[in-house]
Amino acid sequence: MTAITVRNVPDEIKELLSRAAERSGQSMQNYLLVVLEREAKFARNAEIAEMEPVGGGPLSMDEIVDAVRAARGEAPGSPGETGVA
């Protein structure tokens with residue numbers, strides 16, 4: 001594990017974070033670790049969203065829906081149970 005130090009945190013920000021940690025029943029350490037984990041996941045999602053699709057250009061909505069349905073074992077072009085992909 002790595003230790004991270006954040007310097008020059010304004011008192012107002014520290015107090016807001018402290019109260020948020022208290023409300024959630026966590027120590028400041030645990031609360032900030034949860035915040036960092038959540039931000040890391042969002043950062044990874046942004047990286048994935050920016051990736052080029054495998055096999056070339058962007059897919060149409062119909063192609064995406066057909067791929068989702070195929071993964072579910074449904075026939076391409078079928079309406080599905082809810083009518084939504």
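The values are calculated or read from the model by the stated rules, or taken from the named source; none is laboratory data. Computed from a prediction, not measured in an experiment: that's the story for all the values here. The area values use the complete protein model at the heavy-atom level, side chains included, leaving out ligands, DNA and RNA. Shrake-Rupley method; radii C 1.70, N 1.55, O 1.52, S 1.80 Å.
Across segment 11-19, computed HN-Hα scalar couplings (Karplus, 6.51 cos²θ - 1.76 cosθ + 1.60, θ = phi - 60°) run 3, 4, 5, 4, 5, 4, 5, 4, 5 Hz from first to last residue, x flagging Gly and Pro.
Rolling a 1.4 Å probe across the protein heavy atoms gives segment 1-43 an accessible surface of 93 Å² per residue.
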